[in-house]
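Structure, as structure tokens:
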Amino acid sequence: MENATMLQDQLTIDVEMVGTVVLSAFVMYATVMAFARLAGVRSFAEMSTFDIAITIAIGSTVGATMVVDKPMLLQGVLAVATLYALHLGVSKLRHRYRGVERSVDNRPILLMGAGGRMLPRNMQVARVTTEDLRSKLRKANVQQLSTVRAVVMDGTGEVHVLHGDGPDQLPDPWLMEGVRNYEDEPLNG
């Protein structure tokens, strides 16, 4: 009987609350959309650790504001505004100071070197399996491991396969700048 009462409480809503929840959802949605437009595309694209943390915080704030018994819309809007201000502030600092960028962003890591030589330690750090790598190579239309020049996991978690036909065709050093362990790899496989 007690479980049935609890279930009934969970499945019912006070009629007055319907309007409050709908209004809260609308206001918080509009707030997030407005600040996302102000912050620019980066706020939800190319998710780095920094972006994921802010997205989770915004989602939690929006959710908490919409479903509490007495929503505090102004507090929710202020919290979202503060999170976006923090996001923009850290973004500006990342561009200005290399140390901030290094502390906030994940560094790209080399998963496979020239000639298709797997780097098991780096794969373990990146939590990438041999099958994951094999899948990425097929997706990049690699038909021979000898054509692989490098496989890099970016700080966003995206994996890129650099390959070409000639043994002298190496990635431009500018493309590989900042890639963990690239300098340590033999260039011709």
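The values are calculated or read from the model by the stated rules, or taken from the named source; none is laboratory data. Note that the structure is a prediction, hence the values are computed from the model and not measured. As a convention, Cβ positions derive from the backbone with ideal geometry for all residues, glycine included, and neighbour counts pool all protein chains shown. Surface areas here come from the heavy atoms of the whole protein model, side chains and all, with no ligands, DNA or RNA. Shrake-Rupley method; radii C 1.70, N 1.55, O 1.52, S 1.80 Å.
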Seminar exercise, completed: Phi angles of segment 81-93, converted by Karplus (6.51 cos²θ - 1.76 cosθ + 1.60, θ = phi - 60°) into ³J(HN,Hα) in whole Hz with x for Gly and Pro, give 4, 5, 5, 5, 4, 4, 4, 5, x, 5, 4, 5, 5
Seminar exercise, completed: Expected field for R138, accessible surface area in Å² at 1.4 Å probe radius, rounded to 10, holds 140
Exercise. Spin-label point model (7 Å from Cα, Cβ direction): what's the Q169 to T82 distance in nm?
Worked result: 5.4
Seminar exercise, completed: For V104, the accessible surface traced by a 1.4 Å probe with all protein chains present amounts, in square angstrom to the nearest 10, to 30
Exercise. Working out 0.36 nm times the residue gap between N3 and R138, then minus their Cα-Cα distance, what length gain in nm do you get to one decimal?
Worked result: 43.3 nm
For this session: From largest accessible area down, sort I52, I58; use a 1.4 Å probe on the protein chains.
Result: I52, I58
Problem set entry | Long-range amide H partners of A150 with built H, under 5 Å | L162
Exercise. How do E158, E177 stack up against each other in accessible area, from largest to smallest, with a 1.4 angstrom probe?
Worked result: E177, E158
For this session: With r as the distance between the Cβ atoms of N106 and E131 and R0 = 25 Å, compute the FRET efficiency 1/(1 + (r/R0)^6) and round to 0.05.
Result: 0.70
Problem set entry | Along principal axes, Cα extents of segment 47-127, largest first, whole Å | 61, 30, 14
Problem set entry | Table column - 3J(HN,Hα) (Hz), segment 136-149, Karplus curve with 6.51, -1.76, 1.60, x for Gly and Pro | 5, 5, 4, 4, 7, 6, 7, 9, 9, 4, 5, 8, 6, 9
Exercise. For H160 and R117 in one chain, what is 0.36 nm times their gap in residues minus the Cα-Cα distance, to one decimal in nm?
Worked result: 14.0 nm
